[in-house]
1. Nearest 0.05, what FRET efficiency do residue 28 and residue 123 give at R0 = 22 Å with Cβ-Cβ as r?
2. For residue 207 and residue 79, calculate 0.36 nm times their separation in residues minus their Cα-Cα distance, and state this gained length in nm to one decimal.
3. Roughly what angle does helix 166-180 make with the longest principal axis of the chain, taking Cα atoms, 0 to 90 degrees, to the nearest 10?
4. Using 7 Å Cα-to-Cβ label points, what is the residue 69/residue 50 separation (nm, one decimal)?
5. Taking 0.36 nm per intervening residue step and subtracting the Cα-Cα distance, what contour gain separates residue 194 from residue 140 on full extension?
6. Roughly what would the spin-label model give for residue 103 and residue 42, points 7 Å off Cα along C-beta, in nm?
7. Please give the Cα centre distance for the stretch 30-72 versus the stretch 77-101, rounded to the nearest Å.
8. What's the angle, to the nearest 10 degrees (0 to 90), between helix 205-215's Cα axis and the longest principal axis of the chain?
């Protein structure tokens, strides 16, 4: 039975109680306060809902993740990286990145990154949890992504691209940097062909929970500056 989160509590039900259909729906309700979002990620769940719906919290099984040493760089992407086709920065324009991620896509109706979601993640950015990756082409923002960093784990949220392989370029750059900083896992949440092409794969939710337990409170050397 779906659990309803009351606005005055930060309690999330055990991951084992997540629904199988739709896969991983764990709870509904609550709010998008920074404290609640932080607790949600610490418990392995994330918000994902459309305008007009209650806030829905998810923890799919299996979980799509990417291990930094399993990053797959295609021949075309590798060529762009060697040529240093684009420049990449971190945390230089979080607002612009999340706005671009929320923009309409040709293959989807509407967006799940509502104005309320944007505001919530901007608060997380201001508190040092949410981070952005910007991909630039001669001063123009052509791609990027954002997510949360906790301990030695990075929780990816969304990415966008306005130029050839720009989002993959930014993601590959981030993965290599996270590996250098001691991160052990990147949460990709849901499977997509785009992520699979970069080396993401599915692991049981129980394994994902183990990574949360073992690495959320470990330190990394990430300074989060360009």
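1. Details: r = 22 Å, r/R0 = 0.98.
Efficiency for this residue pair is about 0.55.
2. Numbers: separation 128, 0.36 × 128 = 46.08 nm, distance 3.45 nm.
Net length gain for the segment: 42.6 nm.
3. Between helix and principal axis, roughly 80 degrees.
4. So the two model labels end up 4.2 nm from each other.
5. Values: separation 54, 0.36 × 54 = 19.44 nm, distance 2.32 nm.
This chain segment gains 17.1 nm when fully extended.
6. 3.6 nm
7. Rounded to whole Å, the Cα centres lie 23 Å apart.
8. With rounding to tens, the tilt is 70 degrees.
Bear in mind these aren't lab numbers, they're just calculated from the coordinates by the rules spelled out. Bear in mind the structure is a predicted one, so any value in this text is a computation, not a measurement. Don't worry about glycine lacking a Cβ; one is built from the backbone with ideal geometry, like all the others, and counts go over all protein chains shown.
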